[in-house]
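Asks: Please see the structure below; I have some questions.
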Amino acid sequence: SLKKSALYNRLAAVLVLLIGYNSPGRVLAANGPPPGFVALFNGKDLSGWRGGDTFDHRKWLAMPEAERAATNAEWTDDMRKHWRVENGELINDGNGRYATTEKDYGDFELRIEYKTVPKADSGIYLRGCPQVQIWDYTEKEKFPLGADKGSGGLWNNSAGAPGKDPLVLADKPFGEWNSFRIVMIGSRVTVWLNGKLVVDHAVLENYYDKPDKSLKREQWRPVPAQGPIELQTHGGEIRWRNVFIREIGADEANKVLTSHRNDGFHSVFNGKNFSSGTSSCGSNSNCRPAATMDWPFVTPARATQRTSACASARFWTMITRRPPAKRSIRARRTARPTAWLLPPGVTSVRSASGISRK
């Protein structure tokens, strides 16, 4: 009958759609981005991407316009020789300049999938800084470097620094797709690989300032407030797909920073006087813990708000670890604040707070 014929036709159409959906060659990048995300890769061509390298983004921005344009043309020309698009996948042959977003990003959440081959070595640069590492986790020759620990770590961090090595080995076998979820707020980075937490709110050290051995790690300048996303190439073919990004606003960024504050830090200034080394900030105060906690690793949107932990105080404070037990209360009271903690035009504690010291 006509009704049966129509039903068979509908079932056949559904079957065709299911077969096409599960076909290995289907264009996955055609999937729409998750809510709130936009696609960095359109699944068709290299629109929105330029060539890049391991290069300090601050110096890139400081280049004269003509020099930057010439460098960009050279790098992009080289990049296009080694990158191609097939079946919705962004493919690199293991050589050439890095695929780099034309747009710069501040705080963001990045979702991306990749598939690579044995002996390959790659990574993802965040704001132009290396890198979330991608290894061949079976390559014994690189085990001393950490390949056996798996991908996802902030490999260019200093030895022993949080985030350098992934918390767990989460890589899938070769031939399977891996998925990253990367959240970057200020200089803090959290990474999930295949749904497993591998980096937990660790500071991404500024690779370009690390050679300055005269400074302690905590004195290094933070990574740039904004910069591009770069897909590194090194040693073997790698394929990328479903590249989506969501920019994070200041309110959300500060909520995230605040939620990670319970790690042994406290204010050494109570907002009123020098009678206590503990903070007077309560739940009803005008505290800005996120902005002060991560300074100088604050979210870009808060970069100019290096204010006191308490709005009622006119004295800039520093969040620090609790002093050793043997350190006296008097020593803590009389310790001079570092010059950079004072607001513009203020040269002493007396002029900043109106409180004299004896």
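The values are calculated or read from the model by the stated rules, or taken from the named source; none is laboratory data. As the structure is a computational prediction, the values presented were derived from the model and not from experiment. Neighbour counts run over all protein chains shown; Cβ positions are idealised from the backbone, glycine included. Just the protein is used for accessible areas: all its heavy atoms, side chains included, with ligands, DNA and RNA removed. Shrake-Rupley method; radii C 1.70, N 1.55, O 1.52, S 1.80 Å.
Asks: Given the residues R80, R84, which is the only one that is over 23 Å from the mean Cα position of the chain (by Cα) and part of a strand (DSSP E or B)?
Replies: Values: R80 fails: part of a strand (DSSP E or B).
From the options R80, R84, the qualifying one is R84.
Asks: Also: Inside the stretch 10-62, can you point out the residues that are at negative phi, exposed (fewer than 15 other Cβ atoms within 10 Å of the Cβ) and modelled with pLDDT of 55 or more?
Replies: Result: R10, N31, G32, P34, P35, V38, K44, D45, S47, K59, L61, A62.
Asks: State yes or no: is E113 among the charged types (D, E, K, R) and either open to solvent by less than 40 Å² (accessible area, probe 1.4 Å) or more than 22 Å from E247 (Cβ to Cβ) (or both)? Spell out the reasoning first.
Replies: Values: among the charged types (D, E, K, R): yes; either open to solvent by less than 40 Å² (accessible area, probe 1.4 Å) or more than 22 Å from E247 (Cβ to Cβ) (or both): no.
No; evaluated as a whole, the condition is false for this residue.
One line per residue, one yes/no per condition, for (1) touching a Lys or Arg at 6+ places or on another chain (Cβ under 6 Å); (2) touching a residue at least 40 places away in the same chain (Cβ under 8 Å):
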position	(1), (2)
E176	no, yes
I182	no, yes
G195	no, no
P222	no, yes
G227	yes, yes
Q232	no, yes
I245	no, yes
L257	no, yes
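Asks: Take the residues in the stretch 87-102 that are more than 10 Å from I238 (Cβ to Cβ) and touching a His at 6+ places or on another chain (Cβ under 8 Å), then tell me which one is least open to solvent (accessible area, probe 1.4 Å).
Replies: G96
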